[in-house]
Structure formats: C-alpha cells, structure tokens
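Asker: Below is the structure I would like to discuss, written out as structure tokens.
The values are calculated or read from the model by the stated rules, or taken from the named source; none is laboratory data. Please read all numbers here as calculations on a predicted model, not as lab measurements. With ideal geometry, Cβ positions are generated from the backbone for all residues, glycine too; neighbour counts draw on all protein chains shown. To get the accessible areas, we keep the full protein, side chains included, count just its heavy atoms, and leave off ligands, DNA and RNA. Shrake-Rupley method; radii C 1.70, N 1.55, O 1.52, S 1.80 Å.
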Amino acid sequence: MSATANRLVEAGYVVRHEDPADRRRATFALTKGGEAILEKLTAAHRDELRRMAPLLKPLLAQLQD
C-alpha cells in the first residue's frame, strides 16, 4: 500500500477493506472523521474558487476564443 493510504488509515480518515480473493487489491471507505475533513476542504476550495472567479472568467474566455 502507498504511504499516503497508510497515513490516512492511521489517522482514522479511511478504513481499508482487503479483497479476500485477491490480496493485491484493497478498497477504502471514508470514516465519519474523513467525511468531516472532506466537507471542510470542499468548502474551503469552493470559497477560494468564488474569490478567484472574477480573475478566472476573463482567462477562460480567452481560452475559448
């Protein structure tokens, strides 16, 4: 497993589910704590995009030309 995945599991943000049929495969699911962090990050990113929108709109319009 990747170091990042291991750190997320250790921090309690995700749980790992090993595939009994294929030991090379695992799936991950967010915990309540992981969901809370994701909600905070999503809100922060949304706020940042809203602040940047006036700058981004003209740049995106130039790309469409």
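Asker: Which one of Arg51, Arg46, Arg16 is basic (Lys, Arg), in contact with a strand residue (DSSP E or B) (Cβ under 7 Å, 6 or more places away or on another chain) and modelled with pLDDT of 95 or more?
Answerer: The conditions single out Arg16.
A quick yes/no check of all residues on (1) open to solvent by 90 Å² or more (accessible area, probe 1.4 Å); (2) not acidic (Asp, Glu):
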{"site": "Leu8", "(1), (2)": "no, yes"}
{"site": "Val14", "(1), (2)": "no, yes"}
{"site": "Asp19", "(1), (2)": "no, no"}
{"site": "Ala61", "(1), (2)": "no, yes"}
{"site": "Gln64", "(1), (2)": "yes, yes"}
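Asker: So, of the residues in segment 21-59 that are assigned to a loop (DSSP other than H, G, I, E, B) and charged (D, E, K, R), which turns out to be least open to solvent (accessible area, probe 1.4 Å)?
Answerer: In this case the residue turns out to be Asp22.
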